[in-house]
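Encoded as structure tokens, the structure appears first; notes follow it.
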Amino acid sequence: MHKVWLIIQREFNSRVRTKSFIISTLLLPLAFIAIIVASIVIAIYGNEKMTIAVKDESGLFEDKFRGLDQGETLTFKYMRTSSIEELKEDAKNDVYSGVLYIPQLNIDQPKGIKYYSNNQMGPQTEDLISTALTDVIKTNVLKREGYDSELLQKLDEKVTFESIIKEKEKGGKSDISSGLGYAMGFVMYMFIFIYGAMVMKGVAEEKNNRIVEVMLSSIRPIQLLSGKVLGIGLVAILQSMLWFATIIGVQLLIGIFFAKELQHISDLQSQGMAAANETAIFDAIQTFKSLDLSRITISFFFYFIFGFLFYGAQFAAVGAAITDDSDANSYTMPIAMPIIIALIIMNVVIQQPNASLAIWSSMVPWFSPIIMLARIPFDISITQQIISMIILVMSSIAMLWLAGRIYRVGILIQGQKVSLKDMGKWIFLK
């Protein structure tokens, strides 16, 4: 065990102290900062200020358009005294961004509404105006027919319900759980590929440099393989934790330094949009309160560690077997296919987390590091998770042993093409 620990330290220190590790660790948070800042700048300065003159000869829309202003970005001016010809001339001379002309209307067939401008309005503004016109026409038709429009509006509101899971009230919405499950599964998918490739490359480099031949004189192949996979796995965990902590810190700093800008963006939203956003935020908070975050965190690190051991051992075996970098793609395809299939299954699982496909695929060690993480936010059976964890631990140990059998032979072979059949034979060599 002492020798394995020395290999872990060597792999960990040799990678953490490199410039590439430092740069890549800083690169993601910097990219995150750039995206957030760019989004704020674009949201504030990217939209040209628009002033739309409204000439309403029907008299139905005055109150409606007074409530549609969006800060300084979009302003509606309700014009009474100016004629439509004067306003059209103003639009040509860019006094106004555009003129919305509403003639006397037959509310059963509201035709003849026109928009005059030198430039085409954006789809968001067009949808805003169209919705406002539709709402007013709908309200007037209902009033004429003797219906209470406010009552009918209440009847259009979506009916919600509370979920009681295992006699516990579960607040919020299931799409938050789906999003969290998908995010964790996708992160696992990315890390397996990124750091699995790092394991394979590291083994191949040591093989080509003949360093490993010296190391094998004092350590068993399985110990060397285990130490290498565990050491790089710790690098992955450290880097992911640094990314997570940095991104959280960046979000807090952005909230402090860009507080006015963020408030300005919020003020640009219409009251309806603001209400929708408040509802979405409330649902998210309620969902996160109902989640077992300690279970999710522990599960993530467990499946990260043993999932990486399971797949990292396979990548190490391939790195030991290949003698030419051009062979790497063909040898890694059998490893990559189950990961890709797991990602495809995950898209189904987050819709039906307790279906037979979800349950059985989360037991298969090739799929469970991704599938089970996608299911855990839905508060699935702890018994199913324990069974999945036991299977994954045993499978990881077995995969390390099998990879070690391939590794001990392949790492010493130079200049010889190796087939999958040859790798199979090495497992049974004494």
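For the range 1-102, please list each of the strands (runs of 3 or more DSSP E) lying entirely inside it that holds at least 2 residues being closer than 27 Å to T134 by Cβ, modelled with pLDDT under 80 and more than 35 Å from the chain's Cα centre (by Cα).
The strands (runs of 3 or more DSSP E) meeting that bar are 74-79.
Restricted to the range 322-362, and to residues that are surrounded by 18 or more Cβ atoms within 10 Å (Cβ to Cβ) and not in a helix (DSSP H, G or I), which residue is modelled with the lowest pLDDT?
Checking each candidate, the answer is I322.
Taking the condition modelled with pLDDT of 80 or more and polar (S, T, N, Q), does T134 pass?
Judged against the criteria, T134 is a match.
Looking only at the range 392-430, how many residues end up being exposed (fewer than 15 other Cβ atoms within 10 Å of the Cβ), assigned to a loop (DSSP other than H, G, I, E, B) and either in contact with a Leu (Cβ under 6 Å, 6 or more places away or on another chain) or touching a residue at least 60 places away in the same chain (Cβ under 8 Å) (or both)?
Final tally of qualifying residues: 5.
Whether any residue in the range 375-391 is more than 24 Å from L293 (Cβ to Cβ) and crowded, with 18+ Cβ neighbours inside 10 Å is what I want to check.
no
In this structure, does G172 turn out to be surrounded by 12 or more Cβ atoms within 10 Å (Cβ to Cβ) and modelled with pLDDT of 75 or more?
no
The values are calculated or read from the model by the stated rules, or taken from the named source; none is laboratory data. Everything numeric in this text was worked out from a predicted model, so none of it was measured. Every residue, glycine as well, gets a Cβ built from its backbone with ideal geometry; the counts of neighbours run over all protein chains shown.
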